[in-house]
1. I'd like to verify a number: residues in the range A:96-124 that are within 12 Å of another protein chain (Cβ to nearest Cβ), in contact (Cβ under 8 Å) with a residue 12 or more places away in the chain, out of contact with any His (no Cβ under 9 Å at 6 or more places or on another chain) and outside any helix (DSSP H, G or I), how many?
2. Restricting to the range B:66-95, give me the number of residues that are part of a loop (DSSP other than H, G, I, E, B) and in contact (Cβ under 8 Å) with a residue 60 or more places away in the chain.
3. How many residues does the range B:101-122 contain that are within 26 Å of the chain's Cα centre (by Cα) and of a type outside the set (D, E, K, R)?
4. Condition first: surrounded by fewer than 20 Cβ atoms within 10 Å (Cβ to Cβ) and in contact with a strand residue (DSSP E or B) (Cβ under 8 Å, 6 or more places away or on another chain). Now tell me which residues in the range B:102-130 satisfy that.
5. Kindly indicate whether A:Phe87 is within 12 Å of chain B (Cβ to nearest Cβ) and either under 17 Å from the mean Cα position of the chain (by Cα) or exposed (fewer than 14 other Cβ atoms within 10 Å of the Cβ) (or both).
6. Looking only at the range B:169-180, how many residues end up being touching a Pro at 6+ places or on another chain (Cβ under 8 Å) and more than 11 Å from every other protein chain (Cβ to nearest Cβ)?
7. Could you tell me whether any residue of the range B:137-157 is part of a loop (DSSP other than H, G, I, E, B), touching a Leu at 6+ places or on another chain (Cβ under 7 Å) and more than 11 Å from chain A (Cβ to nearest Cβ)?
8. Is at least one residue of the range B:185-192 in a helix (DSSP H, G or I) and in contact (Cβ under 8 Å) with a residue 40 or more places away in the chain?
2 protein chains.
Amino acid sequence: MRENEIMKDKTASVYLAHPYMQSLNHAIYYRVLETLNRGKVETFSHDLYNEGFNPLLTVGELGFDESKDPLVLQYAEELLESDLLIFIHPNWWGQPPAILKGWIDRVIRPPYAYDYPPELSPGDPPVQKLSDKVGMVFNTSNTPGPRENSYFGDPLENTWKQCIFGFCGIQMSYRTMFRTVAGSSQEIREGWLDEVEAAVAGEINKMP
Amino acid sequence: MRENEIMKDKTASVYLAHPYMQSLNHAIYYRVLETLNRGKVETFSHDLYNEGFNPLLTVGELGFDESKDPLVLQYAEELLESDLLIFIHPNWWGQPPAILKGWIDRVIRPPYAYDYPPELSPGDPPVQKLSDKVGMVFNTSNTPGPRENSYFGDPLENTWKQCIFGFCGIQMSYRTMFRTVAGSSQEIREGWLDEVEAAVAGEINKMP
């Protein structure tokens with residue numbers, strides 16, 4: 001059997017949140033997909049703007065009832081099937097763009113991502129349902145590093161690591177912020193894309 | 001002249017982000033509006049879900065061009081006219097719901113909220129355009145205080161105070177988080193609404 005016929009039984013979900021098809025975020029997205037494909041990782045890939053995802057959580061989704069939006073249900077099922085979760089988005093106000101915030105609001109819900117079984121007391125943390133998964137985050141920014149870290153406090157680190165991944169048991173294996181994008185040369189951007197490839201390839205190699 | 005004929009020449013904008021019309025967030029919203037009305041503050045009030053606001057920043061809004069969405073332009077003009085900005089929203093993942101995140105993405109833009117005049121160097125902080133304004137934030141949460149503060153680090157405080165208000169020069173005069181909402185009694189909720197009223201009335205009294 002030739003080496004490239006050894007199929008890895010691994011799955012990834014990749015999410016992109018940027019409106020401009022020629023953006024660096026899109027270039028990162030395609031490099032991620034290419035690296036996953038070369039690594040023979042089955043991949044669910046979602047350009048949220050392009051798919052017309054509606055980020056508004058509904059009244060029906062406030063509690064524990066299943067969403068009635070087929071796209072939300074599809075994303076939730078893919079989430080459960082995936083070993084590796086990769087998010088690509090710009091740093092807007094120290095947070096993801098609204099379309100990805102809405103993905104978090106609507107998809108990271110009970111009973112898929114976490115749950116509150118009846119034996120828990122009020123105020124208890126939920127049961128984590130995604131603790132077999134690894135998360136990676138690629139961010140882009142126009143804020144210089146010193147101002148990001150000293151004034152804003154790099155809120156995206158806490159948002160992804162603690163608030164989202166940590167809440168559901170996902171282990172954040174990698175996060176980086178490419179900056180500053182405005183005014184960056186073609187050469188610098190190529191270097192960033194190579195970093196993306198190396199990070200994803202490294203993660204694939206770590207997969208059991 | 002009777003005292004209640006002395007009209008204050010002050011203006012407020014109030015934003016609500018919650019899908020459920022019977023929510024505590026709605027009750028806070030109406031109490032805020034009532035208090036502003038009693039204090040004779042001219043008020044722009046916006047229930048973002050009810051107005052069908054589209055939170056998705058467009059390609060055309062990525063740079064410095066004016067938005068083509070009349071609702072965005074209206075919100076931006078009202079922002080400039082307002083002395084007091086009040087935001088009411090639940091704590092979802094340590095952040096506002098996507099609809100309000102999108103309001104931030106689309107409305108807090110140049111040249112209204114901040115600007116980069118040509119004399120600035122790349123990486124310089126922008127010129128703040130909202131430094132004559134005061135901001136207030138009312139949040140609701142189902143996370144107990146100790147877990148919010150020790151595990152999540154109360155990210156909403158940094159988001160509003162530093163990342164949004166601080167970026168544009170708005171002074172955050174008040175922020176509170178009512179919790180935990182789930183399981184709270186009618187009596188406790190009435191107490192929270194009285195706190196809302198006192199906070200807004202106090203702010204009106206401080207107005208020059």
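1. 5
2. 4
3. 11
4. Within the range B:102-130, B:Tyr114, B:Asp115, B:Tyr116, B:Pro117, B:Leu120, B:Pro126, B:Val127, B:Gln128, B:Lys129 qualify.
5. No.
6. 0
7. The answer is no, given that none of the residues of the range B:137-157 is part of a loop (DSSP other than H, G, I, E, B), touching a Leu at 6+ places or on another chain (Cβ under 7 Å) and more than 11 Å from chain A (Cβ to nearest Cβ).
8. Yes; the residues of the range B:185-192 include at least one that is in a helix (DSSP H, G or I) and in contact (Cβ under 8 Å) with a residue 40 or more places away in the chain.
Bear in mind that the values in this text are calculations on the coordinates, not laboratory data. What you are looking at is a predicted structure, and each value in this text was computed from that prediction instead of being measured. Positions of Cβ are generated from backbone atoms using ideal geometry, with glycine treated the same way; all protein chains shown enter the neighbour counts.
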